Amino acid sequence: MNALKPGSLALIIGARTLSGRINIGKSVCLFERYRPGERFINPVNGVETVLPADTGCSLWLVTGDVIAFDKQPGFAFVRDEHLMPLDSDFSSSDVLERMMD
């Protein structure tokens, strides 16, 4: 299942870091999925950003009422497995199952 695509809405259902946990339960817009070492312009603050090469996995840049790891408002980086698409069909048991993983 990869219903995650740029421009779609998703719910943050998990986080690996303490700073990321404040965003659980928030709905976000998916901007783009970036690979470790990839360079891009952050659409919220206009800053050229590099996803660290040692990140270990690709991350989604999401926008909305969220906080980044360094306390900047308006965006965050989230793993695929911590996002639940909102513009596709899913049941509450799907949400609970994904949250328990």
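The values are calculated or read from the model by the stated rules, or taken from the named source; none is laboratory data. Note that the structure is a prediction, hence the values are computed from the model and not measured. Every residue, glycine as well, gets a Cβ built from its backbone with ideal geometry; the counts of neighbours run over all protein chains shown. Protein only, heavy atoms only, side chains kept; ligands, DNA and RNA dropped before computing areas. Shrake-Rupley method; radii C 1.70, N 1.55, O 1.52, S 1.80 Å.
For the range 1-19, the set of residues classified as in contact with a Lys or Arg (Cβ under 9 Å, 6 or more places away or on another chain) and either of a type in the set (A, V, I, L, M, F, W, C) or more than 14 Å from D87 (Cα to Cα) (or both) consists of L4, L11, I12, I13, G14, A15, R16, S19, listed by residue number.
Of all residue pairs spaced 6 or more apart or on separate chains, those with beta-carbon atoms under 9 Å, a first member in the range 30-47 that is farther than 21 Å from L9 by Cα and a second member that is in a loop (DSSP other than H, G, I, E, B) and of a type in the set (S, T, N, Q) are P36/S58; E38/S58. Of the strands (runs of 3 or more DSSP E) that lie entirely inside the range 1-51, those containing 1 or more residues that are open to solvent by 50 Å² or more (accessible area, probe 1.4 Å) and either within 15 Å of D70 (Cα to Cα) or polar (S, T, N, Q) (or both) span 27-34, 48-50. Based on what the data block shows, is D54 at pLDDT 95 or above, open to solvent by 60 Å² or more (accessible area, probe 1.4 Å) and out of contact with any Asp or Glu (no Cβ under 7 Å at 6 or more places or on another chain)? The answer is no for D54.
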